[in-house]
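The numbers here are math on the coordinates, done by the rules we state, and not lab data. The structure displayed is predicted, hence computed values, not measured ones. When we count neighbours, we look across all protein chains shown, and the Cβ atoms used for this are built from the backbone with ideal geometry, even at glycine.
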Amino acid sequence: MTKNNLTTIQKGYLHRRNRWMIVTSLLVILTLILSTTMLLLGNTRYPLEVVLRVLMGEEIRGASFAIGTIRLPRMLSGLLVGIAFGIAGSTFQTMLRNPLASPDIIGVTSGSSVAAVFCILVLELSGSIVSIAAVITGLIVAILIYLLSKGGSFSGGKLILIGIGVQAMLSAVISYLLLRASQYDVPGALRWLSGSLNGMQMSSIPVLFLIVFIFGLVILLLGRHLKILELGEQLAITLGLNANQTRILLVLSSVFLIAFATSVTGPVAFVAFLAGPIAGRLIGNGTSNTLPAGLVGAILVLGADLIGQYAFDTRFPVGIITGILGSPYLLILLIQMNRRGGSS
Amino acid sequence: MKHTRIIAILIGSLLSLVLCILASLIFGARYISLPEVIEALTHPDLDSLNAIVVHERIPRTIFSIIAGASLGVSGVLMQAITRNPIADPSILGVNTGASLFVVSGITFFHINTAGQYIWFALAGATLTAVFVYGVGSMGSGGATPIKLALAGAATSAALSSLVSALVLPRTEVMNAFRFWQVGSVSGATMEGITSVLPFFIVGLIIGILSSPALNALALGDDVATGLGVNTGLVRIAAALAGVLLCGATTALAGPIGFVGLMVPHMMRLLCGPNLSILLPMSAFGGAILLTISDVIGRLLGNGGELEAGVITAFLGAPILIFIAMRAKVRSI
């Protein structure tokens, strides 16, 4: 009897692991397809062969410029930012055990945006200083929200409500900064309200890659601990986990990811919020969904950018498309959450 | 509550309101001194430059008073019906719903008069209110404050991204449409005010008539029923009044947030929880708050202007944070 039970558990484990492997590889394939499509499409369509030759470093008139200078940075930044949003969002959601607790809903992203807009419009800075300021402010806002919600007794619902309030104040500040700016600077800064991949340059890619790689890896390595944290603080401590230390590491890494990505493309609506739950539904329970969430994030950003560029007469920035795709799902999720009864 | 105190508060608010109105006529892209304002007001056919500016500022001043009063009363009603300290037309997503409907109407049905805006806004406000309440009251425990607030905030976020999607491709052509994302009273016209006024009056009267019953409701549904109140009817009437008030306002001003949240709490500190007093006083409070926010927005704008909705959000959001902080985990 015991033996039978054991094999059932083992079978379940193997089954879940297989499903994880299959889903993750499918997501990788889909990401690759979308990335390639982004290189192929544009004002001029190039055959796959030309794209490959350009990527290998060959000089082809016209194609080298269109692909190497315009499409490649756009694709790479979309990919990396998507991964960053996906991983950071799902980490926040898992840690706070509430799908609504993603950084874009509780105001961390707005914090980064305020800093970036301030640097660009008022201090007239650009490049890595903007990103550093965005990261620092994102961290400060995250800490502030946590401290405010800690007074008395902590609960996820309280944190989200306070986050919504902080978010509203920060958006007001952004509006103010945009108004004070000279007309010339505004289009560049308007990106901070919706998120867009327009005008990406190759020079910002290496640092972005490094940040996504390092902090993504940290979160992936802590995945096992994250899974235990999800069971609740008391259980985590009982199981021998240093809950506080792990949580601080995870929050730091997520904020770095989200703030840096935001400083590059602006807040792409709902990607951080959607990636985790979608990935979770695809792979089922019991396995880590950090990596799949990152891939889903990349797929969302790349797919939405393709739709925004080619599906309509006007070109929409990517953030608008993710906003439209995300909002029905947000409502469905809310209805399901309330039905199940777990709301705080 | 002593009568003298109420009268003192009433006189105080009336005085502040008059000061706000004068400020609204004096300050802006062009500063006009008080004597000139009074001269322009007393001689309606004067056509010096300053007099024209003052006359241009009159509609937006009147509208900000009406809109602020509507939002304040609407907030009181919603907090009373749901017995929820953070209920407010903007947090429950009702303003954004109204805004989305108007923008859709402009985009797809080419509506263009204030009268048409109002009907679209009312439809949007009603549907959103029903939807948010429906979602918030699912599951065990009914419509608890936290569930209602989250349902509203999420709905609001979702709807406002739809508004952005409709507005953004047109911003180059119609910069004026930005106020559908953040509310502003700058677009007010006399024609718009006259079409909004009936809704304001009807909403206010229903609100005042239902306030004794709402007072009973504050004691709990069981006690209220025991006192002979038809709880269902009162809720529906008050909700209707609340939606009328905030929907009609949003139709002309776009979604202005946090007035309905902030004003009732401030006024409750001043004049206590009795709705028969609180409701009219919140109308005053809302009018003062929105008018002064509009003036601040014009002063900060430095030539341009900052939408009144931005100022009210900045002033009101800390109140939301404060209420959320103080709330006990069980009750929120």
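Let me make sure I get this right: for the range B:239-332, a, b and c are the square roots of the gyration tensor eigenvalues over alpha carbons, sorted descending. Under 1.5 in a/c it's rounded, otherwise prolate if a/b > b/c, else oblate. Which is it? Kindly include the intermediate steps, with their values, before the conclusion.
On the way: a/c = 1.77, a/b = 1.39, b/c = 1.28.
Taking the square roots of the gyration eigenvalues as a ≥ b ≥ c, the range B:239-332 is prolate.
Can you bin the range A:1-144 into rounded, prolate or oblate? Criterion: square roots of the alpha carbon gyration tensor eigenvalues sorted a ≥ b ≥ c, rounded for a/c under 1.5, prolate for a/b above b/c, oblate for the rest. Can you show the working numbers first?
Values: a/c = 3.84, a/b = 1.20, b/c = 3.21.
Cα axes put the range A:1-144 in the oblate bin.
Over chain A, with a Gaussian network built from C-alpha contacts below 10 Å, which listed residue (A:GLN234, A:GLN93, A:GLN167) shows the highest mean-square fluctuation?
A:GLN234
Please report the net charge: other residues with Cβ closer than 15 Å to the Cβ of B:GLN79, K and R +1, D and E -1.
+2
Taking the Cβ of each residue in A:LYS11, A:LYS158, A:LYS227 as the centre, tally the other Cβ atoms inside 10 Å and list the residues starting with the fewest. Each step should come with its number before you reach the end.
Working: A:LYS11 10, A:LYS158 24, A:LYS227 16.
With the fewest neighbours first, A:LYS11, A:LYS158, A:LYS227 line up as A:LYS11, A:LYS227, A:LYS158.
Would you please state the base-10 log of I(q)/I(0) at q = 0.09, 0.13, 0.14, 0.18 1/Å for the range B:20-170, with intensities from the Debye formula using one equal scatterer on every alpha carbon?
Cα-only, vacuum Debye calculation for the range B:20-170: -0.44, -0.76, -0.82, -1.01.
How compact and how long is the protein assembly as shown, expressed as Rg and Dmax of its alpha-carbon atoms in Å?
26.7, 100
Provide the descending list of Cα extents for the range A:19-340 along its principal axes, expressed in whole angstroms.
Computed over the range A:19-340, the largest-to-smallest principal extents equal 64, 52, 34 Å.
Can you give the relative contact order of the range B:58-326 as a percent, counting alpha carbon pairs under 8 Å and 6+ residues apart?
Values: 477 pairs, mean separation 91.5, N = 269.
Normalised by residue count, the contact order of the range B:58-326 is 34 percent.
How would you rank B:LYS2, B:LYS147, A:LYS150, going from fewest to most other Cβ atoms within 10 Å of each one's own Cβ? Show your work: numbers first, answer last.
On the way: B:LYS2 7, B:LYS147 25, A:LYS150 13.
So the residues, fewest neighbours to most, are B:LYS2, A:LYS150, B:LYS147.
Direction-averaged shadow area of the convex hull around the Cα atoms of the range B:177-216, nm²?
On the way: hull surface 16.6 nm².
For the Cα atoms of the range B:177-216, the hull's average projected area reads 4.2 nm².
With helices defined as uninterrupted DSSP H runs, which ones in chain A have an alpha carbon span along their own long axis of at least 15 Å and mean Kyte-Doolittle hydropathy of at least 0.5?
Values: long enough: A:2-40 (57 Å, 0.43); A:72-96 (36 Å, 1.24); A:108-121 (20 Å, 1.88); A:128-150 (33 Å, 2.24); A:156-180 (36 Å, 1.53); A:205-221 (23 Å, 3.29); A:243-265 (33 Å, 1.38); A:271-283 (18 Å, 1.70); A:290-310 (30 Å, 1.41); A:318-340 (33 Å, 1.13).
Within chain A the helices that satisfy the rule are A:72-96, A:108-121, A:128-150, A:156-180, A:205-221, A:243-265, A:271-283, A:290-310, A:318-340.
Between beta-carbons, use under 15 Å as the cut-off and find the net charge around A:GLY297, counting Lys and Arg +1, Asp and Glu -1.
On the way: positive: A:ARG281; negative: A:ASP104, A:ASP305.
Summing Lys and Arg as +1 and Asp and Glu as -1 gives -1.
As a footprinting exposure proxy, order B:HIS110, B:HIS55 by other Cβ within 10 Å, with the fewest listed first. It would help to have the intermediate numbers written out before the result.
Working: B:HIS110 8, B:HIS55 15.
Starting with the residue having the fewest Cβ neighbours, the order is B:HIS110, B:HIS55.
If you wrap a convex hull around the Cα atoms of the range B:181-261, how much volume per residue is inside, in Å³?
Working: hull volume 7.6 nm³, N = 81.
About 94 Å³ per residue, rounded to a whole number.
How are the Cα pair distances of the range B:58-326 distributed, in percent, across 10 Å bins from 0?
8, 33, 38, 17, 4, 0
Would you mind computing, in nm to one decimal, how far apart the modelled labels at A:LEU231 and B:HIS43 are, each placed 7 Å from Cα along Cα→Cβ?
8.5
Taking 41 Å as R0, compute the FRET efficiency from the Cβ-Cβ separation of A:ALA311 and B:ILE236 and round it to 0.05. It would help to have the intermediate numbers written out before the result.
Working: r = 43 Å, r/R0 = 1.05.
Computed FRET efficiency for A:ALA311 and B:ILE236 comes out at 0.45.
Note down the nm distance, to one decimal, between modelled labels 7 Å out along Cα→Cβ at A:ARG19 and at A:LEU220.
Modelled inter-label distance: 2.3 nm.
From the C-alpha gyration tensor of the range A:249-326, pull out the three semi-axes of the equivalent ellipsoid (sqrt of 5λ each), sorted largest to smallest, in whole Å. Present the calculation step by step, with values, prior to reporting the outcome.
Working: eigenvalues 116, 56, 13 Å².
For the range A:249-326, the ellipsoid semi-axes come out as 24, 17, 8 Å.
Could you work out the relative contact order of chain A, using alpha carbon pairs under 8 angstrom and six or more residues apart, expressed as a whole percent?
Numbers: 493 pairs, mean separation 102.8, N = 344.
Worked out over chain A, it gives 30 percent.
Please give the net charge around A:ASN285, taking every other residue with its beta carbon less than 13 angstrom from that of A:ASN285, where Lys and Arg add +1 and Asp and Glu add -1.
Numbers: positive: A:ARG16, A:ARG17, A:ARG19, A:LYS227, A:ARG281; negative: A:GLU230.
Net charge in that neighbourhood comes out at +4.
Between 0 and 90 degrees, rounded to the nearest ten: what's the tilt of helix B:94-104 against the longest Cα principal axis of chain B?
For helix B:94-104, the angle is close to 50 degrees.
Pop the C-beta distance of A:ILE9 and A:LEU210 into the FRET formula with R0 = 51 Å and round what comes out to the nearest 0.05. Please report the intermediate quantities before stating the final value.
On the way: r = 41 Å, r/R0 = 0.80.
FRET efficiency, A:ILE9 to A:LEU210: 0.80.
What order, most packed first, do the peptides B:25-31, A:251-257 have when packing is the mean number of other Cβ atoms within 10 Å of each residue?
Values: B:25-31: 16.1, A:251-257: 23.9.
Those peptides, ordered most packed to least, come out A:251-257, B:25-31.
Given +1 on the Cβ of Lys and Arg, -1 on the Cβ of Asp and Glu, and no further charges, what dipole in debye does the protein assembly as shown carry about its Cα centre, rounded to the nearest 20? Before the final figure, lay out the partial values.
Values: 37 positive and 23 negative charges, 505 e Å.
Dipole size: approximately 2420 debye.
Considering every residue in A:323-336, what mean count of other chain Cβ atoms within 10 Å of its Cβ is obtained? Walk me through the numbers on the way to the answer.
Working: counts 9, 6, 1, 3, 9, 2, 1, 5, 9, 0, 1, 11, 7, 2.
Counting Cβ atoms of other protein chains within 10 Å of each residue's Cβ and averaging gives 5.
If one computes the Cα centroid of the range B:78-98 and of the range B:148-168, what distance in Å separates the two points?
Measuring centre to centre over Cα atoms gives 14 Å.
Which of A:GLY326, A:GLY57, A:GLY42 moves the most in a Gaussian network model of chain A with Cα springs under 10 Å?
A:GLY57
Treating the angle as unsigned and between 0 and 90°, give the value, to the nearest 10°, between the Cα long axis of helix B:231-253 and the longest Cα principal axis of chain B.
20
Who wins for biggest fluctuation among A:PHE260, A:PHE316, A:PHE92 in a Gaussian network model of chain A, springs between alpha carbons below 10 Å?
Residue with maximal mean-square fluctuation among A:PHE260, A:PHE316, A:PHE92: A:PHE316.
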